[in-house]
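All remarks here apply to the structure that follows.
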Amino acid sequence: MESVRKGLRSGAIEKDTYERLNCAECGEELDTKNDPDEIGTVRVCPGCGREWKKVG
Ligand SMILES: [Zn+2]
């Protein structure tokens, strides 16, 4: 799973004017979920199901 930081850098995630993270492909705001197998939180797109992990 890619990090949110990498997703932002590659353009897969866009940050809007309110600092919210949006999936560039769907335009959907990313949901947050806590995955016990991952450190930190996971941001998931409700449109395409793609996930990025947010560390720290
Ligand atoms: Zn998406």
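Here, each number is a calculation from the coordinates, and none is a lab measurement. Model, not experiment: these values are computed from the prediction. Note that we place each Cβ from the backbone using ideal geometry, even for glycine, and neighbour counts take in every protein chain shown.
Couple of notes before you dig in:
- Selected from Cys26, Gly7, Pro46, residue furthest toward positive end of dipole (the stretch 6-51; charges at beta carbon): Gly7
- Computed magnitude of the charge dipole of the stretch 2-54 (debye, nearest 20; Cβ of K, R +1, Cβ of D, E -1): 240 debye
- Diffusion of the chain by Stokes-Einstein, at 4 °C in a medium of 1.567 mPa s and with Rh set to the Kirkwood radius over alpha-carbon pairs, works out to 117 µm²/s.
- For the chain, the list of GluC sites (Glu not before Pro) that fall in a loop by DSSP and count at most 12 other C-beta atoms within 10 angstrom reads Glu19.
- Proxy reagent accessibility, fewest Cβ within 10 Å first, across Leu21, Leu30, Leu8: Leu8, Leu21, Leu30
- Distance in nm between pseudo-label sites at Asp37 and Lys6 (7 Å out along the Cβ direction from Cα): 1.7 nm
- Cβ-based exposure ranking for Arg5, Arg50, Arg20, in which fewest neighbours within 10 Å come first: Arg20, Arg5, Arg50
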